[in-house]
Amino acid sequence: MDNYIYRDLTSPILNAKKFYPVVMVTGARQVGKSTLCKHIY
């Protein structure tokens, strides 16, 4: 069972990915940055 929590930043990141070759995701420790990126890509 997948326990992924949908994040509101998913859509803006996917949109930015269309226009920029690199999209940087920053934030505090242990908030799900890596999980978000793995889920999107």
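Throughout, read-outs are computed from the coordinates displayed, never taken from laboratory work. Keep in mind it's a predicted model, so treat the numbers as computed, not measured. A quick note on method: Cβ atoms are made from the backbone with ideal geometry, for glycine too, and the neighbour counts reach across all protein chains shown.
Points worth noting:
- Close amide H pairs (under 5 Å, H built 1.01 Å from N) link residue 9 with no residue at least 5 positions away or on another chain.
- Here the chain is assigned +1 on the Cβ of each Lys and Arg and -1 on the Cβ of each Asp and Glu. Its dipole about the Cα centre then comes out at about 140 debye.
- Furthest towards positive pole of dipole, 22, 40, 6, structure part the chain, Cβ charges: 22
- Mean Cβ count within 10 Å, highest first, over the residues of peptides 14-24, 31-41: 31-41, 14-24
- Environment charge of residue 36, counting only residues whose C-beta is closer than 13 Å and scoring Lys/Arg +1, Asp/Glu -1: +3
- Counting every alpha-carbon pair across the chain, the share separated by more than 12 Å comes to 61%.
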